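Chemist: Supplied in structure tokens, the structure appears directly below.
The values are calculated or read from the model by the stated rules, or taken from the named source; none is laboratory data. Since this is a predicted model, take the numbers as computed values, not measurements. Glycine also receives a Cβ, built like all others from the backbone with ideal geometry; neighbour counts cover every protein chain displayed. In case anyone asks, the SASA skips ligands and DNA or RNA and just uses the protein heavy atoms, side chains included. Shrake-Rupley method; radii C 1.70, N 1.55, O 1.52, S 1.80 Å.
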Amino acid sequence: MSRLVIVSNRVQIPSEKSPRAGGLAVALGSGLKPGTLWFGWSGKRGTGGRTPSIHEAQGVTYATVDLTDKEYNEFYVGFSNGALWPLLHYRLDFLDFLRHEYDGYRGVNAYFAGALLPLLNDDDLVWVHDYQLIPAGLEMRQLGARHRIGFFLHIPFVPPEILDALPCGVPLLKSLCAYDVVGFHTEDHRHAFLACVSAFLDVSPDEDGSFVYDGRRVRTLSDPIGIDAEEFAAIAARSARGAEVKRIRESLFSRALAIGADRLDYSKGLPNRFRAFDQLLERFPEHRGNISMLQVAARSREDVDRYQQLRRTLDRLVGDINGRYSEFDWVPIRYMTRALSRKSLAGFYRVARVGVVTPLRDGMNLVAKEYVAAQSSADPGVLILSRFAGAADQLREALIVNPFDADEVAEAINQALTMELPERKERWQALRETVWAGTPTLFTDTFLDMLRA
Ligand code: ADQ
């Protein structure tokens, strides 16, 4: 059996203690088999570390390289998170494109390819992850790699009209065609990609979504990522008996809790969510004093200007809402900007009557699945889910909302708070089946089966 080599921007070595909020780290971390090699950035900046440092943990080999400050600023802060991330989340108003940053992005992809190649065996299967590394496969091919190389995009793909706004959109699209398999979470994202190759590269995909470009057959698939629900449910149940959950319960004095947990990112729709909560209190005053919303927004990408602006916006918004509605013994929104441990998060999800997952766009969104996994079968909470999260394709029994419509979200929170137990159980049971079925192993095996074929 060939060895699996995972390539991602940031490598998560299990010895790193602090909790990390990030879907890719969480999802890949739980599906890793012994024997795998995981290659990527160490998270360190400096001039050393140009050849990979090797660490072994639990049978997995981690090979990491460092970035210089210039590379970090151009590749990571600049092009990846200042241009590609907003573009692929439909935020053209946030698209900050600079040609030298794109050059830096290509440079780091070439550097990664050059550092990885000497570590490869001939029959390795190489699986590259996410938007930071779109050109890595092409760079490897140009250095002579003849391996099966696949790529998975963890965030949405956009239709041609949007990709067209990115000055280097077509070269990036061509880079994706250097892979044998290109995977997405949903059929919508996959179709958007196929529409782009048809529009810009003049190819006509076959019915199975494969096409030939530059002499190579590229296959595409939608492969929704999942969580280890069994494990997460067990953590939630244990955590519910622990000290932190006791503290949060005591602090609620029997009031209902609504929870949101996200990286502090404009794609997650946090200002819209707070406005919806404001609408709830305005239009359904019976909930004043009877519900608290806990929003845990882990700070993320703090070097990117847009994220600093968002943080200021949220500080103001929470202050405004809390100022207007608080009583001396009740605060509507509890807002924290750090990551919680998985254990605390799981326990808090379980206590929460409502899970509010309302991104403006999201590749998948694992929080939605974690919230479902954490519920107790005897008294499950209600998931409110944005129709623009990839997860909405699967989690049909959630209350599906348009996050841009604060009234609709407020009405959904009201519906969740007043929903009778039998309906909550029925919806949750259906969601449970879906979430339990989509394991990380299924995600990995589905992708690798196509890559091997
Ligand atoms: P993210 O944008 O990071 O992932 P998501 O899928 O929700 O989004 O994953 C976040 C993970 O971090 C979850 O496991 C969650 O529990 C954890 N997390 C979030 N906030 C936290 C907090 N405050 N404290 C601790 N942990 C927190 C990207 C894409 C998604 C896609 C994933 C996986 O944007 O659409 O689902 O990759 O492919």
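Chemist: Would you tell me the accessible area of Leu120, worked out with a 1.4 angstrom probe on the heavy atoms of the protein chains, in Å² to the nearest 10?
Modeler: Taking all protein chains as shown, Leu120 has close to 20 Å².
Chemist: Using only the alpha-carbon atoms, how far is helix 421-437 inclined from the longest principal axis of the chain? Give it as 0 to 90 degrees, nearest 10.
Modeler: Roughly 10 degrees, rounded to the nearest 10.
Chemist: Run the helix sum for the chain: -39,500 (n - 2.57) per DSSP H stretch of 4+ residues, divided by residue count, reported at 222 nm to the nearest 500 deg cm²/dmol. Write out the running numbers ahead of the final one.
Modeler: On the way: 16 runs with 182 residues, N = 453.
My calculation for the chain gives -12500 deg cm²/dmol from helical runs alone.
Chemist: Here's a follow-up. When ligands, DNA and RNA are left out and all protein chains stay put, how many square angstrom of accessible area per residue does the range 57-210 have with a 1.4 Å probe?
Modeler: Values: 5440 Å² over 154 residues.
Using a 1.4 Å probe on heavy atoms only, each residue of the range 57-210 averages 35 Å².
Chemist: Another one. Starting from the Cα of Arg316, step 7 Å along the direction of its Cβ; do the same at Lys174; then give the gap between the two resulting points in nm.
Modeler: 4.4 nm
Chemist: Determine, from the Cβ-Cβ distance of Arg217 and Asp329 and an R0 of 60 Å, the FRET efficiency 1/(1 + (r/R0)^6), rounded to the nearest 0.05. Numbers along the way, then the final one.
Modeler: On the way: r = 66 Å, r/R0 = 1.09.
Taking R0 as 60 Å, the efficiency between Arg217 and Asp329 is 0.35.
Chemist: Give the carbon-plus-sulfur fraction of the accessible surface of the chain in %, rounded to a whole number; probe 1.4 Å, heavy atoms of protein chains only.
Modeler: On the way: 8930 of 18600 Å².
Whole-percent figure for carbon plus sulfur exposure: 48.
Chemist: On average over all directions, what projected area in square nanometres does the range 366-438 have, based on the convex hull of its Cα atoms?
Modeler: Numbers: hull surface 17.8 nm².
For the Cα atoms of the range 366-438, the hull's average projected area reads 4.5 nm².
Chemist: Which order do the peptides 386-396, 432-442, 286-296 come out in when sorted by mean C-beta neighbours inside 10 angstrom, highest first?
Modeler: Values: 386-396: 22.0, 432-442: 17.2, 286-296: 18.8.
By packing density, highest mean first, the sequence is 386-396, 286-296, 432-442.
Chemist: Right, here's the next one. Can you tell me the FRET efficiency between Arg283 and Thr441 if r is taken as the Cβ-Cβ distance and R0 is 41 Å, rounded to the nearest 0.05? Before the final figure, lay out each step's value.
Modeler: Details: r = 44 Å, r/R0 = 1.08.
Efficiency for this residue pair is about 0.40.
Chemist: Evaluate the Kirkwood expression for the hydrodynamic radius of the chain, namely the inverse of the mean inverse distance over all pairs of different C-alpha atoms, and round to one decimal in Å.
Modeler: 22.8 Å
Chemist: Using the structure shown, select from Lys44/Lys343; Lys268/Lys343; Lys174/Lys369 the pairs with a Cα to Cα distance greater than 25 angstrom. List each step's numbers first, then the result.
Modeler: Numbers: Lys44/Lys343 27 Å; Lys268/Lys343 22 Å; Lys174/Lys369 34 Å.
Correct reply: Lys44/Lys343; Lys174/Lys369.
Chemist: Here is a further query. Label points 7 Å out from Cα along the Cβ direction at Glu302 and Glu231: separation in nm?
Modeler: Each label point lies 7 Å from its Cα, and together they span 2.9 nm.
Chemist: Still on this structure, please answer the following. Round to a whole angstrom and tell me the spacing of the C-alpha centers of the range 148-202 and the range 367-416.
Modeler: 29 Å
Chemist: How big is the charge dipole of the chain about its Cα centre, in debye rounded to the nearest 20, if each Lys and Arg gets +1 on its Cβ and each Asp and Glu gets -1 on its Cβ?
Modeler: The calculated dipole for the chain is roughly 1340 debye.
Chemist: Once fully extended, how much extra length lies between Thr337 and Asp405, figured as 0.36 nm per residue of separation less the alpha-carbon to alpha-carbon distance? Walk me through the intermediate numbers first.
Modeler: Details: separation 68, 0.36 × 68 = 24.48 nm, distance 2.47 nm.
Stretched out fully, the Thr337 to Asp405 stretch lengthens by 22.0 nm.
Chemist: Label-point separation (nm) for Ser2 and Ser251, each offset 7 Å from Cα along Cα-to-Cβ?
Modeler: 5.0 nm
Chemist: Among 44-54, 367-377, how do they line up by average Cβ neighbours within 10 Å per residue, starting with the highest? Kindly include the intermediate steps, with their values, before the conclusion.
Modeler: Numbers: 44-54: 13.3, 367-377: 25.1.
In descending order of packing, they fall as 367-377, 44-54.
Chemist: Roughly speaking, what is the stretch gain from Lys70 to Ile13, that is 0.36 nm per residue apart minus the C-alpha to C-alpha distance, in nm to one decimal? If you can, show how the numbers build up before the last one.
Modeler: On the way: separation 57, 0.36 × 57 = 20.52 nm, distance 2.42 nm.
Stretched out fully, the Lys70 to Ile13 stretch lengthens by 18.1 nm.
Chemist: Please work out the average accessible area per residue across the range 281-343, using the 1.4 Å probe convention, and give it in Å².
Modeler: Working: 3410 Å² over 63 residues.
Spelled out: the 1.4 Å probe surface of the range 281-343, per residue, equals 54 Å².
Chemist: To check you understand DSSP bridge types, tell me what percent of the beta bridges within the range 229-437 (both residues inside) are antiparallel, rounded to 5. Don't skip to the answer; put the middle values down first.
Modeler: Working: 1 of 23 bridges.
Rounded to the nearest five, the antiparallel share is 5 percent.
Chemist: Does the range 229-437 come out rounded, prolate or oblate, given a ≥ b ≥ c as the square roots of the eigenvalues of its C-alpha gyration tensor, rounded meaning a/c under 1.5 and, failing that, prolate meaning a/b above b/c? Don't jump to the answer; show the numbers that get you there.
Modeler: Details: a/c = 1.29, a/b = 1.18, b/c = 1.09.
The shape class here is rounded.
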